[in-house]
Amino acid sequence: MKNKLLYVALYGIIAAALVSCGNSKTTANSKESQAVQAAVGPEFVADSAYAYCKTQCDFGPRTMNSEAHDLCGKWIAGKFRSFGLEVIEQKATLKGYDGTSLRATNIIAVHNPKARQRILLCAHWDTRPWADNDPDSANWRKPVTGANDGASGVAVMLELARLVAKSDSLAVGVDFVCFDAEDWGTPSWSDTPDDGNSWALGAQHWAANPHVKDYSARFGILLDMVGGTGATFSREGMSLQYAPEIVEKVWNAAHAIGHSSMFPNKEGGMVTDDHIPVNEKLHIPTIDIIPYYDSCPQSSFGPTWHTVNDTMDNIDRNTLTAVGQTVIQVLYSEK
């Protein structure tokens, strides 16, 4: 799924700044967590998340206005309902970079709606219509399967929802928001200038029109491309701008339960993603868990990003587990 090109977006001012694959740097004010915590909450089941990821891919590319997109959306909403969550399907017609009308559906699943204290978890569920970062230019106008970039984040959220719904020990309510129309951003082969606003259309719409009037949450966590082989998750730059305390909370949790190698205390790039409108419009401190491949020559998002190779062959249960169990640790540590 990923948000496409990398942009430096400083409090609403977006200036193009591609991040080099080999330009990882240590966060100046970060340090190895000294926290010692016991694992809390249920055990994340990677096989379950993997199966949810595969089911989405079995529909085919979930590109906007396609039958596969619509069928998969119904399946996602149905899975959340099967776990006992309240589901809202927020429909809107959004405009793509090229003027295309996009039939979008943000899928919101609500756990414990009566809880006043809430946590936001989110991911996008649509897939890229064009493999415009593929090494073979013949593939640039082919759709992306989106096993990692789209399906993995939703798969982790579905497994989290299943586990949370079975538990009565969670002290907060959780809102799972699946954003649509994230990946219709301006393709690299287009002559249309890309100012960054063509991405994250569903998130932009939801942040301006939340499913609950005056919606608020303690914080939010965006899951983007959280299943790739060889992934590590550096501290994303815009997350550090908007919500440094939440970055610290999440990375501390990862380190406390043994996933420090996948969550290094290093700063990655600054990314235009679904968390930007949530921070800027709703002022909910929201971070992005997104991979940073600092030595990948093809993309700092990894070798399959926006290519025809973003398939289940490159999904790793260990990556799904590291992310899913870290989020569980965060949720069940809230009071």
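The values are calculated or read from the model by the stated rules, or taken from the named source; none is laboratory data. Owing to the predicted nature of the structure, the values given are computational and were not obtained by experimental measurement. Note: ideal-geometry Cβ built from the backbone for every residue, glycine included; neighbour counts use all protein chains shown. For accessibility, only protein heavy atoms count, side chains too; no ligands or nucleic acids. Shrake-Rupley method; radii C 1.70, N 1.55, O 1.52, S 1.80 Å.
Some points to look at:
- Members of the stretch 168-187 found to be in a strand (DSSP E or B) and either hydroxyl-bearing (Ser, Thr, Tyr) or surrounded by fewer than 22 Cβ atoms within 10 Å (Cβ to Cβ) (or both), listed by number: Gly173
- Phe263 being touching a helix residue (DSSP H, G or I) at 6+ places or on another chain (Cβ under 7 Å) and not in a helix (DSSP H, G or I): yes
- Among the residues of the stretch 297-335, the ones that are among the acidic types (Asp, Glu) and in a helix (DSSP H, G or I) come to 1 in all.
- Within the stretch 188-232, tally of residues that are of a type in the set (A, V, I, L, M), open to solvent by 10 Å² or more (accessible area, probe 1.4 Å) and touching a residue at least 40 places away in the same chain (Cβ under 8 Å): 3
- Within the stretch 300-328, the set of residues being in contact with a His (Cβ under 9 Å, 6 or more places away or on another chain), open to solvent by less than 10 Å² (accessible area, probe 1.4 Å) and polar (S, T, N, Q) comprises Thr326 only.
- Positions within the stretch 233-243 being open to solvent by less than 10 Å² (accessible area, probe 1.4 Å) and in contact (Cβ under 8 Å) with a residue 60 or more places away in the chain, in sequence order: Phe233, Ser234, Arg235, Gly237, Met238
- Test result for Met270, assigned to a loop (DSSP other than H, G, I, E, B) and under 23 Å from Thr321 (Cβ atoms): no
- Checked against (1) open to solvent by 10 Å² or more (accessible area, probe 1.4 Å); (2) touching a Ser or Thr at 6+ places or on another chain (Cβ under 8 Å); (3) not aromatic (Phe, Trp, Tyr), Met270 meets all criteria but (2).
- Strands (runs of 3 or more DSSP E) fully within the stretch 51-167 counting 2 or more residues that are buried (at least 19 other Cβ atoms within 10 Å of the Cβ) and in contact (Cβ under 8 Å) with a residue 12 or more places away in the chain: 101-111, 118-124
- Among the candidates Ala68, Ala77, Ala131, Ala109, the residue that is touching a Leu at 6+ places or on another chain (Cβ under 6 Å) and at pLDDT 95 or above is uniquely Ala109.
- When Arg317 is tested against the conditions (1) closer than 19 Å to Asp274 by Cβ; (2) in contact with a helix residue (DSSP H, G or I) (Cβ under 6 Å, 6 or more places away or on another chain), the lone failure is (1).
- Members of the stretch 210-254 found to be in a loop (DSSP other than H, G, I, E, B) and polar (S, T, N, Q), listed by number: Ser216, Thr229, Thr232, Ser234
- Selected residue (criterion: farthest from Ala109 (Cα to Cα)) from residues of the stretch 183-201 that are in contact with a Leu (Cβ under 7 Å, 6 or more places away or on another chain) and modelled with pLDDT of 95 or more: Trp184
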